Amino acid sequence: LDADIRTDTESLNFLNAYLTGFHGMEVSGRGIIDGHLSYHNRRLAAGNKLLITANELAVDLLDYRAQGEGEISLEVSVAEPEVLAFEIKFNKLDGVHTESDEVLVTGEGLSFSGRGRTQIIAADNEEKIASYLAINIPSITVPDLALYQRFLPEAGSLKLLGGEGELEAKAELTQFGFTGFSRLSSKAADIGVKDFQFFADLDMNLKIDAPELAETGIDVAGTYIHIDNARLSSEEVASVEPWAAAIDIEKGRVKLILPEGVSKNASLGELLAGIKGREILPMLDSDNEQLKVRGVISDLRWLNVLMKNKFNLAIRGAGEISADLVIDSGWMAPGTEFNIKPQKLIVEVLDYVATGNGGGHLRLAVEKGGENPDVSLDIEMKNASFKGKDDEQAFVEDTDILLQALARNVTFDGKGRDVDLHLQIPSAQVKDLSVYNSYLPPDSPVQIVDGQAELKVDVSLKPESANGFVKLISTGMHAVADKQALEADMSIDIKLVGGVPQNMDFDIAGSTIEISNVIVTGDEKDFNNDNWGILLSLNKARAVWKKPVQLDIEADLKMTDSRPFVTMMANKKGKDGWLGKAMTIDDVNGKVNLRMKDQILVIPYAFAGSDKIDVGAKGIISKELNDGVLYARFRKLHGLLKINNGDRNLDIIKARKKFDEYVPSESKLKPKK
């Protein structure tokens, strides 16, 4: 047959005898056929050129249908007489998911083009007709991004909740593979990650190169996700300034784990048929290659979703991201590592906040892969400041801070999980010790005026245990005790041997507090001796280290001699008397019990002595009441300094008996009826 034709057709199904070979493509519709038909021996011959103008046109491919109106052209050129080239181009169309009948895209310009052999009907022993198919989707409208959730892994936590967007795509399918890209963008995307929901400018591009899919896998270099102008809001995170993030895959290839019964030599059509209905994510594997990723992020709070924990660990800031990804059955595997160079980094842990203004790094690594991986976090902060969450000013500045965390069985369920923390401050300068007054009861007779100290921290915290140390070493601390000026050196070595860290509840038995080189300045008497010292060794000790601090301590007490203690009593008596002689007694040892709760400090018993001298203290200190006694004995001479809300007097009659009988009573704090 060799003829010019022009005719109406009520059905375009006759084309499917040829087009079905293009990966199952089917055409339907009606229109006008116009052109030249050249046909010989079951083949279209050179010079064949037909144009079908279809006012009704539908193309089905895989699980999708394009429907609307458009044109179909079929041509066999003289230059390539063994090749049939065809093109299907839509003017107006809806792109539909055939199973759900949901409209995924609307617009115009979508086209299919292909090349194949010229036989209309292939004999049983002949090759497949199709050899090449290209799909071109110009920028067309996506009415609802939520419909694209079907393309994301079911086990993933990223949710496309809605918003209008644009889709642009190109794909070239051969007998054994495909290449192309698919770009989805929106200026009003509604996106969620579990309880977190935000509106953002979204630009996602999936770039693929898989000319031999079953054999070599998929090269995904050029794939990216860009989020800009994101406004995040949820039950846990208040509205914040817009933020941005960008992730670009610079290098990477994933292989396809073929289902049983699918050969590596399978054609693309056979492969697609073999994996139809299966979850793609578990079939992906990076083999021995790593995916190289680069990006930036203006808000690191996404880590808080990943590292949800019971230690109040929270991260804020911005930075540049580089990453190596290892994929095993669709999940991140050991070897996956994210490195972030922070521009600004804020880390909250327990009741403290550390702020770094550049320098350092943040590393996130997968230690155990799978659907619920174990993830480690390493943070190094340079030139950082450190303060309590309720403090206005930092008490430590220009220091290095190291923080390591391990989260086990990570999920996005919003619940606190088992996280191990390791916090290190190798050496820091506390610029003003008076910051610690906030942990003392209000109107405490002991107040730190000023002084600096070196701080060292190395603590490891688990949900139900703690170990490590906190050391504070100061020279030249100034304080006021009972309205008398003190100057001293101080060394505090707090050992953590247990506790419940999430409650800031620590067992600190074995800790020591040493004060040396004490100077007392009073109205009547001064004391200055560089060799004097006092040592508290905590035998039993429990501390809840948050405001207001709770303490329960039993300690051994060792003093070089009793001079600073007796000097303070002598300043109340107004003269030395026998107290002056008592100041020369060396090696005074004893016991101290104290507890503090609800800003009330109670000293049930503190007593030290030697063969010639005893000194003791009992009392209660709070905002409403300062009540207590100080006792001193030198040989057979006794004295008792009574303190009652500012009133002080020295009693030498039955001093020991009165000291023994005195019991600090918290009932005095209760309002009188």
Expressed in square angstrom to the nearest 10, the accessible area of LYS456 with a 1.4 Å probe stands at 80 Å²
PRE zone check, label point 7 Å out along Cα-to-Cβ of VAL497, amide N under 20 Å, scope the stretch 417-459, hits 457-459
Rounded to the nearest 10 Å², the 1.4 Å probe accessible area of GLU168 is 70 Å²
Per its Cα gyration tensor (rounded if a/c is under 1.5, else prolate when a/b beats b/c, else oblate), the stretch 421-481 is best filed as oblate
Under 18 Å by backbone N from the virtual spin label 7 Å along Cα-to-Cβ at ARG30, the residues of the stretch 66-105 are 67-72
Which of LYS170/LYS251; LYS547/LYS658; LYS368/LYS546 exceed 29 Å between C-alpha atoms? The answer is LYS547/LYS658; LYS368/LYS546
Rounded to 0.05, the calculated FRET efficiency for the beta carbons of GLU367 and SER460 at R₀ = 25 Å is 0.90
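When the chain is fully extended, how far beyond the present Cα-Cα distance does ASN229 get from LYS658, taking 0.36 nm per residue of separation?
Between ASN229 and LYS658, full extension yields 147.2 nm more.
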Full extension between VAL449 and LYS389 adds, at 0.36 nm per residue less the Cα distance, a length in nm of 19.4 nm
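Between beta-carbons, use under 10 Å as the cut-off and find the net charge around ILE473, counting Lys and Arg +1, Asp and Glu -1. The partial results should precede the final answer.
Values: positive: LYS456, LYS471; negative: GLU454, ASP489, ASP493, GLU514.
My count for the surroundings of ILE473 gives -2.
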Counting sequence-distant residues (5 or more places) and residues on other chains, those with an amide H built under 5 Å from that of GLY476 are ALA488, ASP489, MET490
Amide H proximity to PHE176 below 5 Å, modelled H, separation 5+ or other chain, gives LEU268
Two pseudo-spin positions, 7 Å from Cα along C-beta at LYS251 and at GLU168, lie apart in nanometres by 2.8 nm
In nm, the gap between the two label points placed 7 Å beyond Cα toward Cβ at ALA146 and PHE469 is 6.0 nm
Rounded to whole angstrom, the alpha-carbon centroid of the stretch 18-75 lies from that of the stretch 440-508 at a distance of 83 Å
For LEU110, the residues 5 or more places away or on another chain with a placed amide H closer than 5 Å to its own amide H are PHE90
With all protein chains present and a 1.4 Å probe, the order of THR560, THR223 from largest accessible area down is THR560, THR223
Rounded to the nearest 10 Å², the accessible area of TRP243 using a 1.4 Å probe with every protein chain kept is 30 Å²
Scalar couplings 3J(HN,Hα) for the stretch 545-551 by Karplus 6.51 cos²θ - 1.76 cosθ + 1.60 (θ = phi - 60°), nearest whole Hz, x for Gly and Pro, are 8, 8, 6, x, 5, 10, 9
Descending packing, highest mean Cβ count within 10 Å first, for 340-349, 430-439 is 340-349, 430-439
Taking a crude spin-label model, label points 7 Å out from Cα along the C-beta direction, the SER427 to GLN175 distance in nm is 7.2 nm
Per the rule of 0.36 nm per residue minus the C-alpha distance, extending ALA85 to THR216 adds in nm 44.3 nm
If R0 = 22 Å, then SER77 and ARG6, at their Cβ-Cβ distance, give a FRET efficiency to the nearest 0.05 of 0.55
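The values are calculated or read from the model by the stated rules, or taken from the named source; none is laboratory data. On a predicted model such as this, the values are computed, not experimentally measured, just so you know. Because the Cβ atoms are built from the backbone with ideal geometry, glycine has one as well, and the counts that use them run over all protein chains shown. We work out accessible area using only protein heavy atoms, side chains counted, and drop any ligands, DNA or RNA first. Shrake-Rupley method; radii C 1.70, N 1.55, O 1.52, S 1.80 Å.
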